[in-house]
Each structure stands twice: as structure tokens, then as C-alpha cells.
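Comments concern the structure below.
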Amino acid sequence: MTSSKWITTAVMAAGLGAMVAAAAAGAKPSETKGKYYMLKTCKPCHKAGSKDGEVTPLIHTQAQWKSYFKAGKHGKEELTKYLTKEQLLDLEAFLVAHASDSPQPMTCGG
């Protein structure tokens, strides 16, 4: 490959990479992924009868869930100790969408 073709290919690849990153950064949080994170990360400690207490979307209103995620704390620890910022956005989307005062309230069995 000539150097000019290599440069053109490299520039195109960099541009494509930037476009993909920009699209991912603007992606809407996923309730489906949020439910997955709830089941895999939260439920092991927060199930019915556990010492840490059961957590489901129904234990808070939408405003309470938003406030919880805005504070970013799980007890004294940062929420990012458990999930990435992107994963937390997905979890928040799920919990808010299915909170006690939402149009689609639900538990999160598991």
C-alpha cells in the first residue's frame, strides 16, 4: 500500500471511529440493560428477606429514584464502585420507568 493510500485509509478509519463514538455517547439509556444490571448487581444483596433489604423499582417514586442517582451514593460509597456511569444510566432508566408512580410499575423478580 502506498503511503498516500495508507494515510487516506487511516483518516477514514479515524473518522469512522469518531462517528461511532459520538453515536454511542448520545445513545438513549436502555431499560432492558438496566433490568439486567438490577438482577445481576443489586439483587444478590437486595432480595426479599436479606439483611440489606429488598430493592425493587416500586420502593421509590420516579422523583426519589432520580434523586438517588443524582446523589450518586450507595450508603457511604459511590455508585460507580458497582457499575460504570453508562450502566448506571441504564439502571436509572429502568428504575424510574417502573417506579411506584410510573405508568408501568413493576417488581424486579430474581
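The values are calculated or read from the model by the stated rules, or taken from the named source; none is laboratory data. Note that the coordinates shown come from a computational prediction; the quantities given were computed from them, not determined experimentally. Please note: Cβ atoms are built from the backbone with ideal geometry, for glycine as well, and neighbour counts cover all protein chains shown.
Which one is nearest to residue 39 (Cα to Cα) among residues in the range 53-93 that are touching a Phe, Trp or Tyr at 6+ places or on another chain (Cβ under 8 Å) and hydrophobic (A, V, I, L, M, F, W, C)?
This residue is 91.
In the list 34, 17, which residue meets the criterion of being surrounded by 10 or more Cβ atoms within 10 Å (Cβ to Cβ), among the small types (Gly, Ala, Ser) and either within 30 Å of residue 65 (Cα to Cα) or modelled with pLDDT of 95 or more (or both)? Lay out the reasoning, then the answer.
Values: 17 fails: either within 30 Å of residue 65 (Cα to Cα) or modelled with pLDDT of 95 or more (or both).
Sole residue among the options that is surrounded by 10 or more Cβ atoms within 10 Å (Cβ to Cβ), among the small types (Gly, Ala, Ser) and either within 30 Å of residue 65 (Cα to Cα) or modelled with pLDDT of 95 or more (or both): 34.
Just to be sure I understand the filter: pairs with C-beta atoms under 6 Å, separated by 6 or more residues or on different chains, first member in the range 33-51 and under 18 Å from residue 97 (Cα atoms), second member among the polar types (S, T, N, Q). Which pairs pass?
37/87
Considering only residues of the range 72-85 that are under 8 Å from the mean Cα position of the chain (by Cα) and either part of a loop (DSSP other than H, G, I, E, B) or touching a residue at least 40 places away in the same chain (Cβ under 8 Å) (or both), which is farthest from residue 60 (Cα to Cα)? Show your work before the answer.
First pass over the range 72-85, keeping only residues under 8 Å from the mean Cα position of the chain (by Cα): 83-85.
Among the residues that remain, those that are also either part of a loop (DSSP other than H, G, I, E, B) or touching a residue at least 40 places away in the same chain (Cβ under 8 Å) (or both) are: 83-84.
Numbers: 83: 20, 84: 22 Å.
The extreme case among them is 84.
With respect to residue 55, determine if the residue is touching a residue at least 12 places away in the same chain (Cβ under 8 Å) and over 22 Å from residue 26 (Cβ atoms).
yes
Working carefully through the options 93, 99, find the one that is small (Gly, Ala, Ser), assigned to a helix (DSSP H, G or I) and in contact (Cβ under 8 Å) with a residue 40 or more places away in the chain.
On the way: 99 fails: assigned to a helix (DSSP H, G or I).
Of the residues listed, the single one that is small (Gly, Ala, Ser), assigned to a helix (DSSP H, G or I) and in contact (Cβ under 8 Å) with a residue 40 or more places away in the chain is 93.
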